[in-house]
Amino acid sequence: MIKLSYAYNGSKLHHITEVNDRSKVYTCPFCKEQVWFKKGEEREHHFAHQANSNCSASPETILHFHAKHYLADLISGSSALNVEFQILRSDHSKVLNDLRKMIPIQNETNIRLADILEFYDYFPASGEIERRIGPYIVDVFAANEELQNSICFEIFVSHQIEPDKRAYFVDHRIPFIEVIPKQLSTTQIEFTLHDYYLPGFFDAEINHMESNVLNYLFATYKQELHLQLMQEDSILPELHLKKRAVQALRKELLDQPEIGLNNHKVFEGAHYFMCQAHNTVIKNEVTVKNVRYGKSKAGKPFLTINDGSYYVAAETNIFYDLLNKMMRRAEVTAYVGGWNDLSRDQVIGFDFPVPNLDKVEKAARRVVDQTLAEFEFKIERRLQQVESNKVK
């Protein structure tokens, strides 16, 4: 049964949370049939068709429509804008992840939509649906009254942003965010960040991250280094402490023995490609011990894991998710061929590049050490400035 979050009353679109008047007529945004709102104490609030409805809107079409309007409503009416994204492509985020394995610094890789809008120094008057920007139509458009500092939002349900469209945003320095929606209920949608172009935004975020790392280092190594403050009102002792704290951590990391490619510890804290059938709900996790391929009595192939304990549902859907994620991170090779009794070539296999774990470990150490070296350089430069001003 189709559960709608939005319906029209005349030409105005209403969210299910806004309606209470049963004398008004509401229609489906897709088939234009009349719908009725259901708002009981126990069941989920939604608009519903009659039982014999001919509405043929697909789940993907409905999700895309709901997500566009839900995001536009958040932009227009919410002062909190508590939509959280995760920084996925920041090199400094990778550094912090490496550091987090060794020191308990606070997770700073989550950002809110409000943070992004605040950085660009505006809050839009409204979120517009399907606004034309140059030669392209964007799903949701947000701008202030002067149409400055605009941000474009793309909703990725079945198709991600086209390369030409993305290039247009970048070439014209138009910030954009592409998100994947997940409908938790008719009144709540969760967004996952898929792609973005936010010029200048992460420079401020990186400075904030670096400050948190230095504050942790200062507090951790202050006693260990046995340094005494010379003057309570002087900035020099604190800078010296921070410099030695960074040097101590660099030495500690460099003195650690190599983990080694064949050691199981190399997988501690590893990043995994999580793939999942669309709109499914995870109830439990099990370790895969074996996989079996078989055929039903009707000749339909199927997969099971752990000696038939679980059937693998929606294999094609899961494989699509995996392949799509792998393609975004590396060059995937497809093998084309077939069986001798087939005249038309098909894709019969894929080659996924697997990183050399030994090189990954060494690269991670280099990135962490380079970042700490940058911290040390900044502190040293600040020390020189302070000392120079004291001489004057």
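Just how much of T316 is accessible, in Å², when a 1.4 Å probe is used and the result is rounded to the nearest 10?
110
Per residue of the range 301-307, in order, report the coupling 6.51 cos²θ - 1.76 cosθ + 1.60 (Karplus, θ = phi - 60°) as ³J(HN,Hα) in whole Hz, putting x for Gly and Pro.
Per residue, the Karplus-derived 3J(HN,Hα) values read x, 8, 10, 9, 10, 6, 6 Hz.
For H15, which sequence-distant residues (separation of 5 or more, or a different chain) have an amide H within less than 5 Å of its own amide H, given hydrogens modelled in the peptide plane?
Distant-sequence amide H within range of H15: zero hits.
Could you work out the local net charge near R22, counting Lys and Arg as +1, Asp and Glu as -1, over the other residues with Cβ closer than 14 Å to its Cβ? Walk me through the numbers on the way to the answer.
Numbers: positive: K24, K38, K39; negative: E18, D21.
Here the count lands on +1.
Would you check the accessible area of D307, probe 1.4 Å, heavy atoms only, in square angstrom rounded to 10?
Using a 1.4 Å probe on the heavy atoms, I get roughly 110 Å².
Show E44, E376 ordered by accessible area, largest first, where the area counts protein heavy atoms only and the probe is 1.4 Å.
Highest to lowest solvent-accessible surface, that is E44, E376.
Quick one: accessible surface of E128, probe radius 1.4 Å, all protein chains present, in square angstrom to the nearest 10.
70
Give the long-range amide H neighbours of G127: residues separated by 5 or more places, or on another chain, with amide H under 5 Å away, using H modelled in the peptide plane at 1.01 Å from N.
S76
Using the beta-carbon distance between Q346 and K24 and R0 = 41 Å, what value does 1/(1 + (r/R0)^6) give for FRET efficiency, to the nearest 0.05? Before the final figure, lay out the partial values.
Details: r = 54 Å, r/R0 = 1.32.
Given R0 = 41 Å and the Cβ-Cβ separation, E is 0.15.
Any chance you could run the full-extension gain for K251 through A57? It's 0.36 nm times the residue separation minus the Cα-Cα distance, nm to one decimal.
That works out to 63.7 nm of additional length.
Select from the range 134-196 those trypsin sites (Lys or Arg not before Pro) which occupy a DSSP coil region and have at most 10 other Cβ atoms within 10 Å, ordered by residue number.
Within the range 134-196, the qualifying trypsin sites (Lys or Arg not before Pro) (loop, at most 10 other Cβ atoms within 10 Å) are R173.
Between H172 and E130, what FRET efficiency follows from the Cβ-Cβ distance if R0 is 25 Å, with the result rounded to 0.05?
Efficiency computed from Cβ-Cβ geometry: 0.85.
The values are calculated or read from the model by the stated rules, or taken from the named source; none is laboratory data. Predicted, not measured: the structure shown is a model, and the values here were computed from it. Please note: Cβ atoms are built from the backbone with ideal geometry, for glycine as well, and neighbour counts cover all protein chains shown. Side chains are part of the model used for accessible areas, which takes the heavy atoms of the whole protein and leaves out ligands, DNA and RNA. Shrake-Rupley method; radii C 1.70, N 1.55, O 1.52, S 1.80 Å.
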